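Step one of this worksheet: look at the structure below.
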Amino acid sequence: VRDLGDNIGLILQNHGLMTVGETVAQTFYRIWYLEQACRIQMSVQATGAPMCIPSEDYVLRARRQFEAYDDKGHLVWQALRRKLDREQPDYIR
């Protein structure tokens, strides 16, 4: 908890990723996007091309957009549940 502080996620050396949220849906939403960001970065680094680090203004704008959409993950969670209902209706709720 001390290391997490006011942040919504951590990248743990040799232990993977961790996120927190007010709901399971919000936590899932956050971990999914953090994992995607990590995968993209690893793919870019694998090319050997130099990394293009965005400006602080760009990063702050992207953060505001992410936080504006982060409605505790409800919309994304509902969509994923509908997809699961459609593709694997025999799962246990």
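The values are calculated or read from the model by the stated rules, or taken from the named source; none is laboratory data. Note that the structure is predicted; figures quoted are calculated from it, not measured. Just so you know, the surface numbers come from the protein's heavy atoms only, side chains and all, with ligands and any DNA or RNA stripped out. Shrake-Rupley method; radii C 1.70, N 1.55, O 1.52, S 1.80 Å.
Observations on the structure shown:
- Residues TRP77, TRP32, sorted by accessible area with the largest first, give TRP32, TRP77 [1.4 Å probe; ligands and nucleic acids excluded].
- Prolate/oblate/rounded label for the chain (Cα gyration tensor, a/c 1.5): prolate
- With all protein chains modelled, accessible area of GLU87 [1.4 Å, Å²]: 110 Å²
- Axial C-alpha extent at least 30 Å, average Kyte-Doolittle at least 0.0 - helices from the chain (DSSP): 24-46
- When ILE11, ILE31 are compared by accessible area of protein heavy atoms, the largest-first order is ILE11, ILE31, using a 1.4 Å probe.
- Summary value for the chain: 28 percent relative contact order, contacts being C-alpha pairs under 8 angstrom separated by 6+ residues.
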